[in-house]
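Q: Structure below; questions to follow.
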Amino acid sequence: RQDLDRLRRLPKVDLHCHLDGSLRVRTVLELGLASGARLPARDVDGLRPYCQVPPDCRGLAGFLAVFPLLTAVLRNRQAVRRAALELGEDAAAHRVIYLEARFAPYLFEAEGFTAADAVEAALAGMAEARRRHGIQMGLIVDMLRDIGPERAEEMVDLALEWRGRGVSGLDVAGDESLPLTQAHRRAFRRAREAGLPVTVHAGECGPPANIREALDELGARRIGHGVRLGEDPGLLAEVARREVPLEMCLTSNVQTCAVPSYEAHPMRRYLEAGLEVTINTDDPGVSATDWTREYALASRHLGLGDEAFRRMALTAARHAFLGEAEREALARRIREDEAWRS
């Protein structure tokens, strides 16, 4: 318990966290009851198996199966705002000082509630989290691999419209077996030309070639997951040389079978190889995890300690989708934090 308390006090940065994957089970229940959404259970214990993946989850399909219920309860302003506020509250309780949350706002649309409304509501919740809990948050607009061309362009329009007002970047996620389309490439090219930072889910359950595609064709500044990078030594060396950071997520990578076990996770190997590695939660609600637990898992199964945690936090600060002065201020807060000396 003493070790957990100390890990909790360490300053943290999370660059890879999905808003809809962060919901508390009680919040899903209350939002569902309030909105009239069809719920498979009407109490917290009964609903939990439908909101969180089971301990024996062994694949991406099973992992993603819980998300339709989560998006179903997030189809109004109050719900999205509450989700963002509670994510900030939960993260701040684990001394996360900066967090970038991502979501695909078009998935939350309903009658009288647009994707733009969802972005505005999420940013309002993040602003309230900062006022109440002191946590700085940014929003990444996400799109899935099965998105159509018009919607892809619309998400870029939306991200550019809100850039500088809380939206910090653009992402593509989803099943890596689905190929990226020309619509993705056109949309991301326009985002890059406008100076909007890009991160891409790649090399999670898909091959290293997807990482190459994300870098060369989508212009990714960061790679979401990237666990299979080591299968291509040449690409690994290039990623290290270019200082492209990996947004790694221990628990979800085990649950989706991206890696067979915590001990087999390449996080430590990549750190030792000189790669820019960050530690993140991905979907703390869905995975039934939190920021301190992810540090504890890295310590227990990979033998990582303060030096690695400090290095990863500073790496995340350096590659956050913020202005240069803000990144430097964030890194300074981490370096000077008293928790490293306790």
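Q: How large a share of the accessible area of the range 196-342, in percent, is made up of carbon and sulfur atoms when the probe is 1.4 Å and the other protein chains stay in place?
A: The nonpolar share, carbon plus sulfur, comes to 46 percent.
Q: Continuing with this model, one more query. Using the Kirkwood formula over every pair of different C-alpha atoms, what hydrodynamic radius in Å results for the range 268-330?
A: With all distinct Cα pairs of the range 268-330 included, I get 12.8 Å.
Q: Mind listing the long-range amide H neighbours of ARG24? Cut-off is under 5 Å, sequence gap 5 or more, other chains count too, H placed in the peptide plane at 1.01 Å from N.
A: Excluding prolines and chain starts, which carry no amide H, there are no hits.
Q: Find the Cα radius of gyration of the range 98-170, compare it with 2.2 N^0.38 Å by division, and give the number to two decimals.
A: Normalised by 2.2 N^0.38 Å, the Cα Rg of the range 98-170 equals 1.10.
Q: Still on this model: Under a crude label model (7 Å from the Cα following the beta-carbon direction), how far is ALA124 from ARG6 in nanometres?
A: Reported label-point gap for ALA124 and ARG6 is 4.4 nm.
Q: Sticking with this one: Across the range 130-144, in residue order, what do the Karplus-derived ³J(HN,Hα) couplings come to in whole Hz, using 6.51 cos²θ - 1.76 cosθ + 1.60 with θ = phi - 60° and x for Gly and Pro?
A: With the stated coefficients, the range 130-144 comes to 5, 5, 7, 10, x, 8, 8, 9, x, 10, 10, 7, 10, 9, 8 Hz.
Q: On a C-alpha basis, how far is the centre of the range 35-80 from the centre of the range 275-299 in Å? Whole number, if you could?
A: The range 35-80 and the range 275-299 have Cα centres spaced 20 Å from each other.
Q: Hey, another quick one. Any idea of the accessible area per residue across the chain, 1.4 Å probe, to the nearest Å²?
A: In whole numbers, the chain has 41 Å² accessible per residue.
Q: Moving to a separate point now. What span do the alpha-carbon atoms of the range 1-84 cover on each of the three principal axes, reported in whole Å from largest to smallest?
A: Over the range 1-84, Cα extents along the principal axes are 42, 32, 24 Å.
Q: What translational D, rounded to a whole number of µm²/s, comes out for the range 1-158 from Stokes-Einstein when the hydrodynamic radius is the Kirkwood one over Cα pairs, at 4 °C and 1.567 mPa s?
A: Answer, rounded: 78 µm²/s.
Q: Further question on the same structure: With an 8 Å Cα cut-off and a minimum separation of 6 or more residues, compute the relative contact order for the chain in percent.
A: It rounds to 20 percent for the chain.
Q: State, as an integer percentage, the relative contact order of the range 142-297 based on alpha-carbon contacts under 8 Å between residues 6 or more apart.
A: So the answer I get is 16 percent.
Q: When averaged across all projection directions, what area in nm² does the alpha-carbon convex hull of the range 142-218 cover? List each step's numbers first, then the result.
A: Numbers: hull surface 18.2 nm².
Orientation-averaged projected area of the Cα hull: 4.5 nm².
Q: Turning to a different aspect of this structure: How would you order 125-135, 21-31, 280-290 from highest to lowest mean count of nearby Cβ atoms within 10 Å?
A: In descending order of packing, they fall as 280-290, 21-31, 125-135.
Q: Here's something else I'd like to know. Tell me, what ³J(HN,Hα) does each residue in the range 304-313 have, in order and in whole Hz, if you take phi through Karplus 6.51 cos²θ - 1.76 cosθ + 1.60 with θ = phi - 60° and put x for Gly and Pro?
A: 7, x, 4, 4, 5, 5, 5, 4, 5, 5
Q: At q = 0.11, 0.15 Å⁻¹, what log₁₀ I(q)/I(0) does a Debye calculation on the Cα points of the chain give, no solvent, two decimals?
A: Log-scaled intensity ratios, in q order: -0.66, -1.35.
Q: Quickly estimate the mean residue ellipticity at 222 nm for the chain, helices only: each DSSP H run with n ≥ 4 gives -39500 (n - 2.57), and the total goes over all residues, rounded to 500. Walk me through the numbers before you get to the answer.
A: Values: 16 runs with 168 residues, N = 342.
After summing the helix terms and dividing by residue count, I get -14500 deg cm²/dmol.
Q: Shifting gears a bit: Can you work out D for the range 300-342 in µm² s⁻¹ from Stokes-Einstein, where Rh is the Kirkwood radius over C-alpha pairs, the temperature is 37 °C and the viscosity is 0.692 mPa s? Could the numbers behind the result be given before it?
A: Details: Rh = 11.1 Å.
Once the numbers are plugged in, D ends up at 295 µm²/s.
Q: On a C-alpha basis, how far is the centre of the range 200-232 from the centre of the range 103-136 in Å? Whole number, if you could?
A: Between the Cα centres of the range 200-232 and the range 103-136 lies a distance of 28 Å.
Q: Spelling out what I want: for every residue of the range 48-55, take phi, set θ = phi - 60°, compute 6.51 cos²θ - 1.76 cosθ + 1.60 (Karplus), and round to whole Hz; glycine and proline get x.
A: 3J(HN,Hα) across the range 48-55, in whole Hz: 3, x, 8, 10, 10, 6, x, x.
Q: Follow-up. Show the residues, 5+ positions off or on another chain, whose built amide H is closer than 5 Å to the amide H of LEU180.
A: none
The values are calculated or read from the model by the stated rules, or taken from the named source; none is laboratory data. Predicted, not measured: the structure shown is a model, and the values here were computed from it. Because the Cβ atoms are built from the backbone with ideal geometry, glycine has one as well, and the counts that use them run over all protein chains shown. Protein only, heavy atoms only, side chains kept; ligands, DNA and RNA dropped before computing areas. Shrake-Rupley method; radii C 1.70, N 1.55, O 1.52, S 1.80 Å.
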